[in-house]
Amino acid sequence: MKNVTKFAVVAACVLMASNAMAQEPNEKGNITTEVQFNPFANSFNTFKLEGLKARYFLTDVDAVRVNLGFNVDKNTMTENGSLNDRFEGVTNYSVGSSELATKTTETTFRIGVGYERHLVQRDRISLYAGAEIGYEGIFRSGEQTYTENGERLVTYGTTTTVAKYSESHNVSYDKMMPAGNYLPGDASTGQPSMSGKFNEHNFFASVFTGIDFQVYKGIYIGTEFGIRFTTGDNRASGSWTQNYSSTNVSTSGSTVNTTTTQWSYSSASGVCEGLRTNSVSGSTPTETKIQNAYTGSEYTASSTNLKIYIEPALRLGWRF
């Protein structure tokens, strides 16, 4: 009798566990929410939320969904170098050190709306397919500072003049980030060099298939992959500023010559305007207004691509 009782208790426990683990099929009116993330693509400088998704089941097998994504990626890079352009026969050269510090920020926002058809719902597995359309915006900004410190040596006959110098360039971008060369093409005039990608505005359409695996009542994990068609443009717009300063000190220290240039740029006018200030020890500083036309005030480029995607690495969801 005791054995029969023990068997009955074990059987009841197994049955209760089976019922708890069994899938509750999707039903009309169900709402699910899920968070999508990639645990293998994160760093201390990156905030990445692959997606927040909500689904509403119109029938037991048909659902509409809204998908949101948001990423902020910040990068800082510093490059140190040495300057020594002294060669045989050269009478004007510089020796010293340099530092190039670059900071960039890239923010991505994505929203999509779509439809799912749950083709197979068996045990704890739900296999579905569907389509989605949406918008993705990528917004970039950056700042770069370049500094030089050293000595300039100029030889006239048998006389060599040594002047300590310090130069700095600071370039900041609002709503734009050049790719490749951040420094102005001509340090003496501060004319900007803006080439590469800036802000991107893309529209996409996807067809996909995915799978949900219920790990417990109302809680599931899953993944999704598909083919996405994207079309959009890259655009440069906003403002640009650069500050340039140079300080020269003679060997005796009696003469200090400082030149400061402040440039500003507006995409509306397409003109770079600046103010150059020259200051020499013992004299009154002089100011000169300067202006450079910049024909590349608005940069646009279109892009279209088709790719296979798997996103994200993990989806964790809840059903209500």
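The values are calculated or read from the model by the stated rules, or taken from the named source; none is laboratory data. What you are looking at is a predicted structure, and each value in this text was computed from that prediction instead of being measured. With ideal geometry, Cβ positions are generated from the backbone for all residues, glycine too; neighbour counts draw on all protein chains shown. Only protein heavy atoms, including side chains, enter the accessible area calculation; ligands, DNA and RNA are left aside. Shrake-Rupley method; radii C 1.70, N 1.55, O 1.52, S 1.80 Å.
Values computed for the structure shown
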| read-out | value |
| --- | --- |
| Checklist (1) surrounded by 12 or more Cβ atoms within 10 Å (Cβ to Cβ); (2) at pLDDT 75 or above; (3) farther than 30 Å from Pro25 by Cα; (4) in contact with an Asp or Glu (Cβ under 7 Å, 6 or more places away or on another chain) applied to Arg65, failing item | (3) |
| Subset of segment 77-112 [among the aliphatic types (A, V, I, L, M) and surrounded by 13 or more Cβ atoms within 10 Å (Cβ to Cβ)] | Leu83, Val95, Leu100, Ala101, Ile111 |
| Some residue of segment 186-205 being at pLDDT below 65, open to solvent by 30 Å² or more (accessible area, probe 1.4 Å) and in a strand (DSSP E or B) | yes |
| Residue match in segment 217-235 (condition: modelled with pLDDT under 65, under 22 Å from the mean Cα position of the chain (by Cα) and either open to solvent by less than 20 Å² (accessible area, probe 1.4 Å) or hydroxyl-bearing (Ser, Thr, Tyr) (or both)) | no |
| Boolean, Gln242 is part of a strand (DSSP E or B), closer than 17 Å to Ser172 by Cα, at pLDDT 75 or above and not hydroxyl-bearing (Ser, Thr, Tyr) | no |
| Selection count, segment 113-140, where residues are out of contact with any Gly (no Cβ under 7 Å at 6 or more places or on another chain) and open to solvent by 40 Å² or more (accessible area, probe 1.4 Å) | 11 |
| Close pairs from segment 92-105: first on the phi > 0 side of the Ramachandran plot and touching a residue at least 24 places away in the same chain (Cβ under 8 Å), partner crowded, with 17+ Cβ neighbours inside 10 Å and part of a strand (DSSP E or B), Cβ under 7 Å, at least 6 apart | Gly96/Glu148; Gly96/Gly150 |
